[in-house]
Amino acid sequence: MSDRITAEEFVAALRAHGVQRVTGVPCGHLAGPWALFDGAGDLTPAASEGAALALAAGWELAGRTSVVLCQNSGFGNLVNPLTSLLLPYRVPVLVVMTMRGWPDPAEDEPQHAAMGTSTVALLETLDVPHAVLWPGKLEEALGQAADARAAGRPFFLLVPRGAIGKAAGAYPAGAPADDRLTRPRAVAALMAELTDELMVTTTGYLSRQAHHERDRPDTFYMQGSMGHASAVGLGLATARPERRTVVLDGDGAFLMHLGSGSTIGSSGARNLTHVVVDNGCYESTGCQPTTSGGLDWASLGTGLGYRTVLTCDSTGDLTGSLRAALTAEGPVLLALTVVPTPGEVHPRATASLGPELIAGRFREAAAAAAGGGAPEPERLP
């Protein structure tokens, strides 16, 4: 008999404990419960973990029992509303958080190591009640959560990887039409156009795709730090104004810290090109929808202050759009609407290049004069 809890059992247990509303940021290890709550109309996706906790606090203050679903890589986003909203105001929210980089950081991706070894200690430091979802202990853990609720305290249910099953048929991705853009097509075309531009790529499949299509020392592959690629790119652009900087971003990541778009717009960085690949979902965690479906990228970019705003949704217009974005006066926002292709996944950059090596060779490339280059260090064995 498997120790894994089915998604249906987990959702039923939460409902039995009074959960009425659900929010969060997707994690692949919570894909089953996420899909079931979404299918029932009880889920509101949040742009960030902190926003999710604040949204849940609003529900709680209005008398609705709520839960936040997330992974511990986003725990840093939670800390401010946890410590300055939930704890002092005694707002009891249940947070179901998967544990990346735990118990052995070596068994997960390197960007999860620091938080994986620190999550429990941070909760203990903050005196926040918590329990690990060990096999056969769901009801016991939810009982502890109920006790915390009665005392007006939040509670964290920490979920080991693979502890909860998936839901069948959740968020299937259709086959792309011939002229529709896809992530592989868009990224391959972008990488082919690059010369001496500095580039930063957002976490997830976009970084993997960029590394697969064309590894270059001038590209900084970000794994983790979701939503912050645009700010890193602005730092690069303003530090090296003589070189074009390109940010390769996703819709979910850009929306997570959308305020950086306003900072970019107000900066007037003429050498910055921000390419957002909008697939309408969090592809790497199971294609859960983002909130970009009704978003007007042209109006958003203009409103944020980007000097040039371009959109493209077909292969026929792709090359021209990319060339215009790479040469127009910035800040430039180019939104590429693509269809999801979850079946095409490539190894992460750190499978062959360690994080320190990525950063080190990028520093050398960034220091080189425009039109020059820097030697590429050897790959890790």
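The values are calculated or read from the model by the stated rules, or taken from the named source; none is laboratory data. Predicted model, so just to flag it, every value in this text is computed and none were measured. Cβ: placed from backbone, ideal geometry, glycine included. Neighbour counts: every protein chain shown.
Note on the stretch 290-303: residues that are in contact (Cβ under 8 Å) with a residue 60 or more places away in the chain and surrounded by fewer than 15 Cβ atoms within 10 Å (Cβ to Cβ) total 1. Regarding the stretch 110-133, can at least one residue be identified that is small (Gly, Ala, Ser), modelled with pLDDT of 90 or more and within 17 Å of Val79 (Cα to Cα)? Yes, the stretch 110-133 contains a residue that is small (Gly, Ala, Ser), modelled with pLDDT of 90 or more and within 17 Å of Val79 (Cα to Cα).
Of all residues in the stretch 124-143, how many are in contact with a helix residue (DSSP H, G or I) (Cβ under 9 Å, 6 or more places away or on another chain), of a type in the set (A, V, I, L, M, F, W, C) and closer than 19 Å to Ser66 by Cβ? So that I can check it myself, show each step before the final result.
Our first condition is that a residue be in contact with a helix residue (DSSP H, G or I) (Cβ under 9 Å, 6 or more places away or on another chain); within the stretch 124-143, this holds for 126-134, 138-139, 142.
Among the residues that remain, those that are also of a type in the set (A, V, I, L, M, F, W, C) are: 126, 128, 131-134, 138, 142.
Then keep just the ones that are closer than 19 Å to Ser66 by Cβ; that gives 128, 131, 133, 138, 142.
Residues in the stretch 124-143 being in contact with a helix residue (DSSP H, G or I) (Cβ under 9 Å, 6 or more places away or on another chain), of a type in the set (A, V, I, L, M, F, W, C) and closer than 19 Å to Ser66 by Cβ: 5 in total.
The residue that is nearest to Ala186 (Cα to Cα), among those in the stretch 231-274 that are buried (at least 24 other Cβ atoms within 10 Å of the Cβ) and among the hydroxyl-bearing types (Ser, Thr, Tyr), is Thr273. Taking residues in the stretch 342-354 that are assigned by TED's automatic domain parsing to the domain that holds Ala188 and more than 23 Å from Tyr171 (Cα to Cα), and partners anywhere that are aliphatic (A, V, I, L, M) and outside any loop (DSSP other than H, G, I, E, B), the pairs with Cβ atoms closer than 8 Å and at least 6 places apart or on different chains are Ala349/Ile358; Thr350/Ile358. Among the residues making up the stretch 329-347, a single one is aliphatic (A, V, I, L, M), crowded, with 17+ Cβ neighbours inside 10 Å and farther than 13 Å from Val276 by Cβ: Val339.
Identify all residues within the stretch 85-96 that are out of contact with any Cys (no Cβ under 9 Å at 6 or more places or on another chain) and either buried (at least 16 other Cβ atoms within 10 Å of the Cβ) or of a type in the set (D, E, K, R) (or both); write none if there are none. Quick ask: steps written out before the conclusion?
Going residue by residue through the stretch 85-96, those that are out of contact with any Cys (no Cβ under 9 Å at 6 or more places or on another chain) are 85-94.
Of everything in the stretch 85-96, those that are out of contact with any Cys (no Cβ under 9 Å at 6 or more places or on another chain) and either buried (at least 16 other Cβ atoms within 10 Å of the Cβ) or of a type in the set (D, E, K, R) (or both) turn out to be Leu85, Leu86, Leu87, Arg90, Val91, Pro92, Val93, Leu94.
Could you check the stretch 97-122 and list, in sequence order, the residues that are surrounded by fewer than 20 Cβ atoms within 10 Å (Cβ to Cβ) and either out of contact with any Ser or Thr (no Cβ under 8 Å at 6 or more places or on another chain) or part of a strand (DSSP E or B) (or both)? Pro103, Asp104, Ala106, Glu107, Asp108, Ala113, Ala114, Thr117, Ser118, Val120, Ala121, Leu122, listed by residue number.
Conditions tested, residue by residue: (1) within 16 Å of the chain's Cα centre (by Cα); (2) surrounded by fewer than 24 Cβ atoms within 10 Å (Cβ to Cβ); (3) not hydrophobic (A, V, I, L, M, F, W, C).
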| position | (1), (2), (3) |
| --- | --- |
| Arg4 | no, yes, yes |
| Ala12 | no, yes, no |
| Val19 | no, yes, no |
| Val25 | yes, no, no |
| Phe37 | no, no, no |
| Asp42 | no, yes, yes |
| Glu49 | yes, no, yes |
| Gly58 | no, yes, yes |
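Restricting Phe254, Phe220 to those that are part of a helix (DSSP H, G or I) and within 23 Å of the chain's Cα centre (by Cα) reduces the list to Phe254.
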